[in-house]
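Below is one structure, written out as structure tokens; the observations come after it.
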């Protein structure tokens with residue numbers, strides 16, 4: 001009986017495979033499915049755009065400097081997220097909680113600027129049903145924006161728990177929301193490139 | 001009074017004070033959730049089957065009064081099916097059988113019930129996510145059924161719902177609110193599938209019992225594992241394109257409307273990018289179960305275990321690059337058509353490896369022709385017909401002729417009814433003792449099998465003939481076409497056989513429910529099989545295993561010289577170990 005199986009009585013609370021804990025593994029799988037979701041949208045967008053003869057020049061309709069600033073805000077929020085996890089990992093829990101809060105604020109700022117951009121565009125008469133440009137623009141940025149909004153809510157929940165010392169023993173929860181947040185960030189870099197730059 | 005209270009008290013203590021609702025309705029136990037999936041998908045199987053009966057009635061005797069059911073369904077049109085009602089029936093038959101029966105019973109019912117038991121885990125990695133996955137299916141059920149009661153009726157653009165028929169709300173009666181409900185329902189199904197897939201993959205990777213290496217997993221688990229990966233990566237693409245279609249219908253976008261610059265082909269591409277892998281989502285688990293059942297009842301190790309695993313993986317990988325073969329007639333560049341033809345034909349290689357390995361497993365085995373074994377053998381033989389007919393359809397020149405004919409209908413039914421459904425029949429009867437603690441009647445199982453097998457072939461084989469004769473699919477009235485008059489007799493013959501096939505399923509249902517109360521009590525391992533689920537009691541306790549299993553060998557050590565019996569449980573220590 002020297003090799004008592006790990007499943008005796010109760011299994012590990014968080015079993016580990018190749019150094020990856022179960023919840024983290026599941027979040028990676030979830031993100032893989034999210035990648036496929038956005039791939040479907042992006043493929044549809046690129047197909048419609050390349051088949052169109054009168055696709056508007058994005059820079060003429062959209063404010064690239066404004067959205068470039070917004071992009072930097074989102075990238076900045078990824079930085080604060082990394083710092084938050086790093087702080088939690090080193091045991092600086094108070095600092096981690098404030099950094100999470102900062103990330104949530106930056107995320108909210110991103111969504112707010114996007115909302116402003118939408119309202120400006122609508123005032124110029126480009127709505128979701130105006131043309132294919134409007135259809136694809138609002139759909140793609142809208143799905144991304146809702147991902148950011150959900151991320152902000154998740155981060156706020158994590159930050160609240162962090163202020164109460166909920167991650168003092170195990171910062172895994174911060175790492176999980178961080179994975180999601182970086183994913184949302186990377187998706188935006190793709191969307192920014194294909195919608196605004198090329 | 002005091003006595004009953006005491007008994008109640010003991011029972012409550014035994015089940016950890018869970019109320020009825022927590023135990024049977026909002027349960028986090030994978031065995032209960034598996035049974036929930038089983039019962040709801042069997043309900044939809046009956047429902048989809050009844051719709052098939054209406055379809056066959058119409059094809060054999062167009063626009064005749066439908067007895068009994070017609071009075072309730074078609075009272076406004078004089079108990080006769082309406083012209084716009086026929087495509088609605090075809091749409092609902094396909095949608096329900098695929099999204100509410102085959103996929104949920106294989107991944108939802110068998111996946112849930114078998115994965116933790118066969119890998120030696122106590123439950124899924126995320127029991128609450130598992131429960132949520134089922135409860136995302138429930139609104140999908142009701143939303144889809146609600147389509148029958150709204151103005152214009154259910155969706156009628158086919159289970160493929162090609163745009164623009166599905167994108168413009170005013171096209172046909174069924175493209176009204178019924179189509180919108182169809183979309184919303186499938187988004188729920190997709191979410192449930194993805195949650196399930198994340199759970200299954202994580203559970204198989206993380207929670208295997210000690211000694212259960214990847215290459216000691218039974219084929220059923222391998223198949224469910226690969227299937228879950230397909231679900232994880234393919235379903236979100238369907239979700240994305242469903243949402244785009246939803247926007248086209250509701251907020252005025254024009255993704256699929258060529259009149260406004262949109263491209264209806266995007267729907268086809270992205271739909272089939274999901275739905276071709278979905279074909280493998282619907283067949284791979286049945287392949288896995290058939291492998292285990294055939295090896296068990298041939299009392300021989302599965303021939304070529306590793307090639308069987310690799311060929312499942314190969315089928316899954318190829319499944320992602322063959323979707324275009326559904327679209328040969330949609331104006332595709334012929335060069336692209338050839339590449340899709342080639343990749344499709346390559347699927348035949350791993351499929352043939354599997355078929356030959358099943359045959360080699362049977363070769364010189366001590367074959368026990370039990371009801372599950374007969375169904376598993378039927379799976380192999382009809383899958384061969386379905387698979388070979390797939391190679392015909394994959395050839396672009398042949399497809400030009402048979403596209404959208406009954407030939408294709410015959411092909412899909414040989415793969416999904418002949419393949420998946422016989423696999424499901426085999427699986428139900430094989431694992432029934434473990435699920436419910438009682439045996440199903442083998443005699444009635446054989447009666448059900450023989451009649452099903454005969455009538456199945458009589459219903460679906462003539463479809464190949466009709467297709468070669470040129471009969472298009474999805475037409476409500478063959479008598480509109482003069483050239484089809486000579487084959488109308490075949491249509492009527494098929495319909496009569498379909499009625500018998502439908503009635504025969506009552507034997508299975510009766511056998512299933514009567515055995516729940518009157519069946520012989522099942523012992524722990526009634527089939528003398530090797531895999532882990534048979535080492536625990538029937539049905540298993542809440543925590544699955546009384547002591548955690550340790551695995552020492554692969555799942556197919558049948559008729560090994562190591563043991564007196566002709567089976568060796570995966571938990572049996574090697575002979576050299578002390579104490580054996």
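The values are calculated or read from the model by the stated rules, or taken from the named source; none is laboratory data. Every value quoted in this text rests on a predicted model; they were computed, and no experiment measured them. Positions of Cβ are generated from backbone atoms using ideal geometry, with glycine treated the same way; all protein chains shown enter the neighbour counts.
List of remarks:
- Counting only helices (runs of 4 or more DSSP H) that sit completely within segment B:357-434, those holding 3 or more residues that are modelled with pLDDT of 95 or more correspond to B:371-394, B:406-413.
- Condition check for residue B:193: away from chain A (no Cβ under 12 Å), buried (at least 19 other Cβ atoms within 10 Å of the Cβ), within 21 Å of the chain's Cα centre (by Cα) and part of a helix (DSSP H, G or I): no
- Matching residues, segment B:540-568, being touching a helix residue (DSSP H, G or I) at 6+ places or on another chain (Cβ under 6 Å) and away from chain A (no Cβ under 14 Å): B:554, B:556
Okay, residues lined up against (1) at the interface with chain A (Cβ under 10 Å from one of its Cβ atoms); (2) touching a residue at least 40 places away in the same chain (Cβ under 8 Å):
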| residue | (1), (2) |
| --- | --- |
| B:206 | yes, yes |
| B:210 | yes, yes |
| B:214 | no, no |
| B:236 | yes, yes |
| B:241 | yes, no |
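- Residue list for segment B:447-481, filter: closer than 17 Å to residue B:63 by Cα and either touching a helix residue (DSSP H, G or I) at 6+ places or on another chain (Cβ under 6 Å) or part of a helix (DSSP H, G or I) (or both): B:474, B:476, B:478, B:479, B:480
- Taking the listed residues A:115, A:84, A:59, A:104, the one that is at pLDDT 95 or above, over 30 Å from residue A:172 (Cα atoms) and assigned to a helix (DSSP H, G or I) is A:115, with no other qualifying.
- Taken together, the residues in segment B:249-267 that are farther than 21 Å from residue A:140 by Cβ and at the interface with another protein chain (Cβ under 9 Å from one of its Cβ atoms) amount to 0.
- Only listed residue being within 14 Å of another protein chain (Cβ to nearest Cβ) and out of contact with any strand residue (DSSP E or B) (no Cβ under 9 Å at 6 or more places or on another chain), chosen from A:99, A:106, A:121, A:140: A:140
- Test set (1) touching a helix residue (DSSP H, G or I) at 6+ places or on another chain (Cβ under 7 Å); (2) facing chain A (nearest Cβ under 8 Å); (3) surrounded by fewer than 21 Cβ atoms within 10 Å (Cβ to Cβ) - residue B:246 fails condition number: (2)
- Search result, residues across segment B:268-280 that are under 24 Å from residue B:181 (Cβ atoms) and more than 7 Å from every other protein chain (Cβ to nearest Cβ): B:268, B:271, B:272, B:273, B:274, B:275, B:278
- Residue within segment B:277-289 that is over 16 Å from the mean Cα position of the chain (by Cα) and part of a helix (DSSP H, G or I) present: no
- Some residue of segment B:158-179 being over 27 Å from residue B:125 (Cα atoms), free of Cβ contacts under 8 Å to residues at least 24 places away in the same chain and either part of a helix (DSSP H, G or I) or touching a strand residue (DSSP E or B) at 6+ places or on another chain (Cβ under 9 Å) (or both): yes
- Selection count, segment B:448-461, where residues are closer than 10 Å to residue B:504 by Cα and surrounded by fewer than 16 Cβ atoms within 10 Å (Cβ to Cβ): 1
- Hits in segment A:4-53 - residues which are more than 7 Å from every other protein chain (Cβ to nearest Cβ), assigned to a loop (DSSP other than H, G, I, E, B) and at pLDDT below 75: A:4, A:9, A:10, A:12, A:13, A:14
- Qualifying residue in segment B:488-497 (condition: part of a helix (DSSP H, G or I), within 14 Å of chain A (Cβ to nearest Cβ) and more than 30 Å from residue B:447 (Cβ to Cβ)): no
- Scope segment B:499-539; condition closer than 27 Å to residue B:299 by Cα, in contact (Cβ under 8 Å) with a residue 40 or more places away in the chain and either within 14 Å of chain A (Cβ to nearest Cβ) or not in a loop (DSSP other than H, G, I, E, B) (or both); matching residues: B:508, B:511, B:512, B:515, B:521, B:532, B:533, B:534, B:536
- Residues of segment B:284-306 classified as out of contact with any helix residue (DSSP H, G or I) (no Cβ under 6 Å at 6 or more places or on another chain) and buried (at least 24 other Cβ atoms within 10 Å of the Cβ), total: 1
- Residue within segment B:74-90 that is modelled with pLDDT of 85 or more and under 30 Å from residue B:427 (Cα atoms) present: yes
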